[in-house]
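Some notes on the structure that comes next.
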Amino acid sequence: MKKISEIKTEKDLQGFDGYLFGCPTYHKDMTENFKTFLFLAQKAKLEGKLGGAFGPHTHSGEAPKIIFDTMEFVYQMKMTNLGALILKEREVETTEGLRACQAYGRDFGKRL
Ligand SMILES: Cc1cc2nc3c(=O)[nH]c(=O)nc-3n(C[C@H](O)[C@H](O)[C@H](O)COP(=O)(O)O)c2cc1C
């Protein structure tokens, strides 16, 4: 698990079998630093790698879907059939939220 601030160049993203990208939704969008990160990720040539996306939100939750679509259509990654994991903020630290994260991760691991 890495914070995007730790990823300085596209080389830091290479060499993994799968990628789960996550960002909360602010103003119905991703954060600015995450948008910058997606341009860096574009250079990492992730085509054919397994991908998924997640993020918390309170009411609309657009960011994970935008990220998921970018990974699928721009990077040409092989995306998990589960779609994006869009979590309500109030569920994140509940048993239900934890189980949803675990189920998403488990399914991703099986596909890998
Ligand atoms: C200024 C602001 C704008 C937000 N805009 C949205 C939004 O458009 N849609 C949404 O679903 N949640 C929105 N939220 C809620 C955040 O997505 C939610 O609090 C999330 O859990 C924040 O994650 P973080 O604490 O990891 O940054 C907004 C929160 C703030 C403070």
* Quick one: GLU93 ticks every box in (1) at pLDDT below 95; (2) under 15 Å from the mean Cα position of the chain (by Cα) bar one, so which box is it? -> (2)
* LYS11 vs. criteria out of contact with any strand residue (DSSP E or B) (no Cβ under 8 Å at 6 or more places or on another chain), among the basic types (Lys, Arg) and in a helix (DSSP H, G or I) -> yes
* If you go through the stretch 38-81, how many residues are away from the ligand (no atom under 16 Å from the Cβ), among the β-branched types (Val, Ile, Thr) and within 21 Å of LYS28 (Cβ to Cβ)? -> 2
* **Within the stretch 58-74, tally of residues that are touching a strand residue (DSSP E or B) at 6+ places or on another chain (Cβ under 8 Å), of a type outside the set (Gly, Ala, Ser), surrounded by fewer than 21 Cβ atoms within 10 Å (Cβ to Cβ) and under 23 Å from PHE39 (Cβ atoms)** => 4
* Just checking, how many residues over the stretch 15-30 are in contact (Cβ under 8 Å) with a residue 24 or more places away in the chain, farther than 19 Å from THR80 by Cα and assigned to a loop (DSSP other than H, G, I, E, B)? -> 4
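The values are calculated or read from the model by the stated rules, or taken from the named source; none is laboratory data. Owing to the predicted nature of the structure, the values given are computational and were not obtained by experimental measurement. Note: ideal-geometry Cβ built from the backbone for every residue, glycine included; neighbour counts use all protein chains shown.
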